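The values are calculated or read from the model by the stated rules, or taken from the named source; none is laboratory data. Please read these numbers as outputs of a predicted model, since none were measured by experiment. Neighbour counts run over all protein chains shown; Cβ positions are idealised from the backbone, glycine included. Just so you know, the surface numbers come from the protein's heavy atoms only, side chains and all, with ligands and any DNA or RNA stripped out. Shrake-Rupley method; radii C 1.70, N 1.55, O 1.52, S 1.80 Å.
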Amino acid sequence: MVPQSPALVVVVPLIFAFLSLLFGWWRKGLSYPITLIALSLSFLASIYCLYTVLTTGTIHYYLGKWEPPWGIEYVVDHLNGFILVIVSFVGLMAAISSRRVVEKELPEKVVYFYTLFLLQVTGFLGIVITGDMFNLYVFLEIASLAGYALIAVGEDGAPFASFNYLIFGTIGACFYLLGVGYLYIKTGSLNMADLKEILPALYQSKVLMVAFAFFLVGVSLKMALFPLHVWLPDAYTYAPSAVSALLAPLMTKVGAYVMIRILFTVFEPHFSIELIPATTILGWMAAGAILFGALLALAQSDVKRMLAYILVGEVGYIALGVGLANRNGLTGAILHILNDSIMMLALFLIVAAIMYRSGDREIPGLRYMHRRMPFTMAVLVIAGLSVIGIPPTCGFFSKWYLVLGAIDANKWVFVAVLLISSLLNVILFFRVIENAYLEPREEEVHEGVEVAVAIEEAPLSLLLPILIAGAGILSLGILSGEIISSVIRFAVPAGF
Amino acid sequence: MFDFILSKYNYWIYIVMMMIGFYAMIGKKNLVKKIIGINIFQTAIIVFFISTAVKKGGTLPIIEHAHGHGSHAVEVASYINPLPHVLMLTAIVVMVSTLGVALAIAIQIYRRYNTLEEDEILEQRKWSHNLLR
């Protein structure tokens, strides 16, 4: 079993997706435990992969013993081993939390929900683990198609939002495929490691530049980088709560990973930074994303929609780290992939809990919430502080590295953008926290009678992941030095 | 100039098809026309990939009665590259599933709004939104 662990990471959720469908037809209640078993196994396998990488170095796994560059190869190095663990962990947490939420929001579609959920996670894990350009396209489409379907079953505006997402997502995937085609014409290879060897001799070729442009636009569409983010707010607002909790933390992060891979592994940093000023453009787009996301989030009164715009800004942080293209910047970007996954998981789960208990997502509707759901609201405060970037929460440390990177790159504008966005986030979260925690003013209380509010916490299956995510935000912040020195230091692409 | 266009006509067809598909996806208001646009766009990509595989005078990449007889050196230039074809078989599967999902979502939209025109749907959504306030 152990030498096969890279394959098991992907194959287990894929097979269990169909098993959960079969057993789900027989007994509806079985699909939830089957999903949990599959994701736990996948999580264990990915932890084992990361452990092997840390102790013995990069894993190369040849599917069906076909050697690269002909066969499909799974490669696990420090970068994607790290992200594999994040993806499988967030997937598992989202699955645990989904039980009651799905029963309430999608009572007739429970079985199909879990099948699609597993396919979605399979797609994410496959994108991260594969070392083959075309295989990545296939997994990208598996993840996207499952995502369109999952979003479309949501509330009133969901099918239309999902359709728009489908149009943009298909354009993104088609551009990526065209990029693969152009690279293949020039090099005759689809294996990432092989391409890395062949490409430097061809860096002056125009075909390569076209391929690069297609990749950049295609992947930016998938990761919702400003100004290509237009599909995101609608899709993640109207999606079922359990789906937002899975998609929002992961889809954009996986896209960011693909971006880092293509910019710095398939192409060399020399090409992406100097021959084509891709990283400079990326930096400015990211700065736009950070400001635009925070400003539009201010205009929202719906908590979930506000979070969706905050997510647009968070994608900007990661892209900014990539765009700075120096050691500190990339450390910040990779650390932020971890931190933001946990923060977004916590925040979207909290929204799911609020929706489950009160069905009202408007910010004024949060009144008395701290008395109804004390634990959930405590985690909301922690997650909010982390998005703002206050130590010792984890959000502080990735922002710290981004600021250091911006100073190293001598780009003081980006330092200013990072600080301004932190201030905007303060306003955003204090608006929410104020409503949830402060009592209504005297004149609003009916004739001085205290309104009795009973404690009505989220169900345990939902509360547990929220508390784990909250504890994760704090402990990742405290352990961030450890994480950087043992994993991320090696995960930063060669050449920095 | 004319020669340049004519000698690489398959690539020009791919570009024109891609632009038609792209326009339909972005510019058309009807959701089914958008879906047709997706399909044209993806078909253009198939044309592109297959074009890259073609060699003048190339034949099938199969050695007849290979076992025992196939020990002779294979001249690569006389065989069509099979790999893009294989890639496109996979891509076709992906495209069919995209089409399926898109049509299913379109049916959902039609059930909810009784129309497939984008502006009419937006109008209805705005109306229901105001009603909720």
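For the structure I just gave you, tell me whether A:Ile334 is of a type in the set (Val, Ile, Thr), touching a His at 6+ places or on another chain (Cβ under 7 Å), assigned to a helix (DSSP H, G or I) and open to solvent by less than 10 Å² (accessible area, probe 1.4 Å). Spell out the reasoning first.
Working: of a type in the set (Val, Ile, Thr): yes; touching a His at 6+ places or on another chain (Cβ under 7 Å): no; assigned to a helix (DSSP H, G or I): yes; open to solvent by less than 10 Å² (accessible area, probe 1.4 Å): yes.
The answer is no for A:Ile334.
Only residues that are free of Cβ contacts under 8 Å to residues at least 40 places away in the same chain and of a type outside the set (Val, Ile, Thr): list them for the stretch A:209-254, please.
Taking the stretch A:209-254 as the starting set, the residues that turn out to be free of Cβ contacts under 8 Å to residues at least 40 places away in the same chain are A:210-211, A:213-214.
The answer is A:Ala211, A:Ala213, A:Phe214.
Pull up the stretch A:158-168, narrow it to residues that are more than 8 Å from chain B (Cβ to nearest Cβ) and of a type in the set (Phe, Trp, Tyr), then point me to the one that is least open to solvent (accessible area, probe 1.4 Å).
Of everything passing the filter in the stretch A:158-168, A:Tyr165 is least open to solvent (accessible area, probe 1.4 Å).
Quick grid of which residues meet (1) away from chain B (no Cβ under 12 Å); (2) more than 26 Å from A:Asn80 (Cβ to Cβ); (3) of a type outside the set (A, V, I, L, M):
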site	(1), (2), (3)
A:Ser144	no, no, yes
A:Tyr148	no, no, yes
A:Asp156	no, yes, yes
A:Cys174	no, no, yes
A:Leu177	no, no, no
A:Lys186	no, no, yes
A:Leu202	yes, no, no
A:Val207	no, yes, no
A:Lys222	yes, no, yes
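Go through A:Leu467, A:Leu419, A:Leu424, A:Leu428 for me and flag whichever is at pLDDT 90 or above, of a type in the set (A, V, I, L, M, F, W, C), in contact with a Gly (Cβ under 9 Å, 6 or more places away or on another chain) and surrounded by 12 or more Cβ atoms within 10 Å (Cβ to Cβ).
Answer to the check: A:Leu424.
Are any of the residues in the stretch A:120-132 buried (at least 24 other Cβ atoms within 10 Å of the Cβ) and within 12 Å of another protein chain (Cβ to nearest Cβ)?
yes
Do you know which residues across the stretch A:133-142 are open to solvent by 10 Å² or more (accessible area, probe 1.4 Å) and either more than 8 Å from chain B (Cβ to nearest Cβ) or hydroxyl-bearing (Ser, Thr, Tyr) (or both)? Please lay out each step first, then the result.
Restricting attention to the stretch A:133-142, the residues satisfying the condition of being open to solvent by 10 Å² or more (accessible area, probe 1.4 Å) are A:134-135, A:138-140, A:142.
Those that are open to solvent by 10 Å² or more (accessible area, probe 1.4 Å) and either more than 8 Å from chain B (Cβ to nearest Cβ) or hydroxyl-bearing (Ser, Thr, Tyr) (or both): A:Asn135, A:Phe139, A:Leu140, A:Ile142.
Restricting attention to the stretch A:169-204, which residues are assigned to a helix (DSSP H, G or I), in contact (Cβ under 8 Å) with a residue 40 or more places away in the chain and surrounded by fewer than 17 Cβ atoms within 10 Å (Cβ to Cβ)?
Passing the criteria: A:Lys196, A:Pro200.
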